[in-house]
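All remarks here apply to the structure that follows.
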């Protein structure tokens, strides 16, 4: 596995956010930025990132309130456009002017916004299981658990819970995969296993938010038509409908689509053939 460097940068409002920095083949290597989903962290890309380092420098950021990044004392700043501003600030601090992006779920929405707000920044985009229309069934499922999980007495209890809650997303996983997944989602602190994010990220979800309305997201996605894009969709997803994919291809006719069988929201990107497809797309 490729080694990464720990990098921290400071946001405009004073938080310190964490980034895994995987060096590329040389200092002039193009950069891939990986953006995780709502409740996730940099460990979601621990398989994909090393596979890209023969061709790219890979940055895997943790948004405010996740993983090793600072938690925000103002929950209203747990918002899509705030995360986008944070990522733009991070890239500027590293003097990076152009990136390819792999964005899972919320990270995909961030990709739409980064591209629309900063034209020319995004060279290529891999969008993992998200679109401008977020299916209500999937959104309600996410709202039902964000900030309400745990604590657990030990890793065994955490794994049992995670499997029970997510078996429909990954119906074919072995026990070892569930154990690994628990250690991606949770962290051990003070003798308990807890979620590796600030539970207060749930607060903005309960309020109406203009930056995640379909009309706003479609307007952001319209700018993606000029960016080579690969949309990955789990066949069992409850967040990205087939009808939304059809509409996305009408807006972006050149967008490639890769279906991942027997997986819901969201593919881990280490499924059979998926890493290879991403690498082939990014190096095309």
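Some observations on this one:
- Of the strands (runs of 3 or more DSSP E) lying entirely inside the range 1-47, those containing at least 3 residues that are within 12 Å of the chain's Cα centre (by Cα) and either within 19 Å of residue 101 (Cβ to Cβ) or modelled with pLDDT of 95 or more (or both) span 31-35.
- The range 246-283, residues that are in contact (Cβ under 8 Å) with a residue 60 or more places away in the chain and under 21 Å from residue 122 (Cα atoms): 248, 269, 275, 278, 279, 281, 282, 283
- Exclusive hit being touching a helix residue (DSSP H, G or I) at 6+ places or on another chain (Cβ under 7 Å) and at pLDDT 95 or above, set 64, 68: 64
- Tallying residues that are in contact with a helix residue (DSSP H, G or I) (Cβ under 7 Å, 6 or more places away or on another chain) and over 21 Å from residue 185 (Cα atoms) within the range 257-274 yields 3.
- Residue 65 satisfies every condition listed in (1) at negative phi; (2) under 15 Å from the mean Cα position of the chain (by Cα) except (1).
- Whichever residue in the range 228-251 is in contact with a strand residue (DSSP E or B) (Cβ under 6 Å, 6 or more places away or on another chain) and in a loop (DSSP other than H, G, I, E, B) and, among such residues, is surrounded by the fewest Cβ atoms within 10 Å (Cβ to Cβ): 235
- Among residues that are in contact (Cβ under 8 Å) with a residue 40 or more places away in the chain, surrounded by fewer than 20 Cβ atoms within 10 Å (Cβ to Cβ) and under 30 Å from residue 179 (Cβ atoms), residue 21 is not included.
The values are calculated or read from the model by the stated rules, or taken from the named source; none is laboratory data. Everything quoted here is computed from the prediction, not taken from an experiment. No Cβ is skipped: glycine too gets one built from the backbone with ideal geometry, and neighbour counts run over all protein chains shown.
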